[in-house]
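Down below is the structure, laid out as structure tokens.
Coordinate-derived values only; no laboratory data. No experiment lies behind these values; they were computed from the predicted model shown. With ideal geometry, Cβ positions are generated from the backbone for all residues, glycine too; neighbour counts draw on all protein chains shown.
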Amino acid sequence: MGGKGYYTPDISEFYVGFIFERQVGFSNIETSEEYTGGIVEEVDDSQWRKTITTINNYKVIGELLLETSYIRVKYLDTSDIESLGFTYDSNSKIYKRGEYRLHINNEEDYVQRLLKVSIWTSTSNPGYSDIIFYGVIKNKSELIIVLKQIGIL
């Protein structure tokens, strides 16, 4: 599946609840009380910490973005989808969660690393389904928003 890697987000992408990673050890910002409240977990790379935007650290993000090499966002991948309760069916190449189905279309934009995602409900009639979302999802935070909007989360 595509979407591997990281990108530097634009300030317009941030909102309370947005998940990003920050590099550690570059300034005293990371030890400030406003900033540390948003850490949710360490990532495999010891140089980065996964962080969630909170009302307390929102203003600090602008300072971080002034030096863009210190902040990054992971593109949507299999682990993100599975962490939200979907399981991958290798026969159909579809993620399943209860009656919901999610498919990453093969029409990936390799230049911008964007994934076109379809989400639908399964029905009792074979071959028929109700598509409830079709669009581009760049990262886990965007997927969470979509899943909340359509009532899956």
Using a Förster distance of 35 Å, the FRET efficiency for Ser122-Gln47 (Cβ separation, nearest 0.05): 0.25
Label-point gap, in nm, between Ser69 and Lys96 - each point 7 angstrom along Cα→Cβ: 4.7 nm
Stretch gain in nm, segment Val136-Tyr88, where the contour uses 0.36 nm per residue and the Cα spacing is subtracted: 15.3 nm
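Quick one: net charge around Lys96, please, counting Lys, Arg +1 and Asp, Glu -1 for every other residue with C-beta under 12 Å from its C-beta.
0
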Cross-link partners of Lys50 among lysines (Cα-Cα below 25 Å; sequence separation of 8 or more within a chain): Lys4, Lys59, Lys74, Lys116, Lys138, Lys140, Lys148
